[in-house]
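The values are calculated or read from the model by the stated rules, or taken from the named source; none is laboratory data. This structure is a prediction, so every number in the text was calculated from the model and none was measured. Using ideal geometry, Cβ is built from the backbone for each residue, glycine included, and neighbour counts are taken over all protein chains shown.
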Amino acid sequence: MNLILQPASAQQAAAAARLAGAQAIEPAGERAYRLRQAAANPAVLAYCREQRLDCASRPAGLRFADLKLLAMDMDSTLISIECIDELGDLAGKQAEISAITAQAMRGGIDYVPSLRRRVGLLAGLGIEALQRVYDERLRLTSGAELLVASCKKHGVKLLLVSGGFTFFTDRLKERLGLDFTMSNQLEIREGKLTGGLVGDIVDADAKARRFREVAQALGARREETVAIGDGANDLPMLAEAGTSVAFRAKPLVQAQAACALNYAGLDGVIHLFG
């Protein structure tokens, strides 16, 4: 196995290599290093925590160019915000909605009832608030554009699967040239949110099911797929992927994913591969 360290300096990589008993050190990307034949022992893990470095144990021989599908969550993953929390702010109910969001992402409450409660609190909000959040508050996560560009360069299909809303996923699909999206549709009447949703809710099981469907349609083997998420509702999708990545994720997700990125940007996903 190899260890991938990021975002690291050459000096930090050398120190970690000594602790891990690595046979060699080589660059894996900008501020990323691959420690060959290295052990993720307690000493090197403690050093990485102290130095605020991401450390991932990865099999040798996996290449990013060999992937066929990369799927990711939207809120707090592809983008830096939770759209529903920002809508809650414009509705004057941010504290209440954000508290429910945090509890749901930790796995403390079921996702579907939590979403219905939060959307219900948006009843009466004008649809212009959606555009305001997109224009004024939505920002791509650091490294997102680099990851998307690398996927396009190597022919890796991109799936954005979200418990958020089609208003945002549709615009991100067009803006970034994503291949597939799946999300929830807000119900709107007379220019205002009703507090309800249209159609089936995209929950954890729906995310995993869509991931399987797209992977099958692409003829992708498990090892040719990646899934990235941050919340409990991403766990079934992450379990389907050959490489699962917890990005700035809740402890429950970090404990179950193959890799965790807490300090590197989304482009850190690229560095996990050869």
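Return yes or no: is residue 169 farther than 30 Å from residue 63 by Cα and in contact with a strand residue (DSSP E or B) (Cβ under 9 Å, 6 or more places away or on another chain)?
So residue 169 fails the test.
Residues in segment 204-219: is at least one of a type in the set (Asp, Glu), touching a strand residue (DSSP E or B) at 6+ places or on another chain (Cβ under 8 Å) and in the same structural domain as residue 129 (by TED's automatic domain parsing)?
no
Has segment 41-51 got at least one residue that is surrounded by fewer than 22 Cβ atoms within 10 Å (Cβ to Cβ), within 27 Å of residue 221 (Cα to Cα), aromatic (Phe, Trp, Tyr) and at pLDDT 95 or above?
no
Look through 239, 227, 232 and report the one residue that is within 18 Å of residue 206 (Cα to Cα) and surrounded by fewer than 19 Cβ atoms within 10 Å (Cβ to Cβ).
Criteria check complete, one pass: 239.
If you go through segment 16-37 one residue at a time, how many are surrounded by 15 or more Cβ atoms within 10 Å (Cβ to Cβ), touching a residue at least 24 places away in the same chain (Cβ under 8 Å) and over 27 Å from the mean Cα position of the chain (by Cα)?
Matching residues across segment 16-37 total 2.
Could you pull out the residue among 70, 5 that is in the same structural domain as residue 159 (by TED's automatic domain parsing), under 24 Å from the mean Cα position of the chain (by Cα), among the aliphatic types (A, V, I, L, M) and modelled with pLDDT of 95 or more? So that I can check it myself, show each step before the final result.
Details: 5 fails: in the same structural domain as residue 159 (by TED's automatic domain parsing).
The conditions single out 70.
Among 162, 244, which is the only one that is in a strand (DSSP E or B), of a type in the set (S, T, N, Q), more than 30 Å from residue 93 (Cβ to Cβ) and in the same structural domain as residue 142 (by TED's automatic domain parsing)?
244
Among the candidates 185, 131, single out the residue that is part of a strand (DSSP E or B) and free of Cβ contacts under 8 Å to residues at least 40 places away in the same chain.
Residue meeting the stated conditions: 185.
If I ask for residues that are assigned to a loop (DSSP other than H, G, I, E, B) and within 27 Å of residue 70 (Cα to Cα), which ones from segment 190-220 would you list?
Hits for segment 190-220 are 199, 200, 201, 202, 203, 219, 220.
Of all residues in segment 88-106, how many are touching a residue at least 60 places away in the same chain (Cβ under 8 Å) and either surrounded by 23 or more Cβ atoms within 10 Å (Cβ to Cβ) or closer than 23 Å to residue 125 by Cβ (or both)?
Counting residues in segment 88-106 that are touching a residue at least 60 places away in the same chain (Cβ under 8 Å) and either surrounded by 23 or more Cβ atoms within 10 Å (Cβ to Cβ) or closer than 23 Å to residue 125 by Cβ (or both) gives 2.
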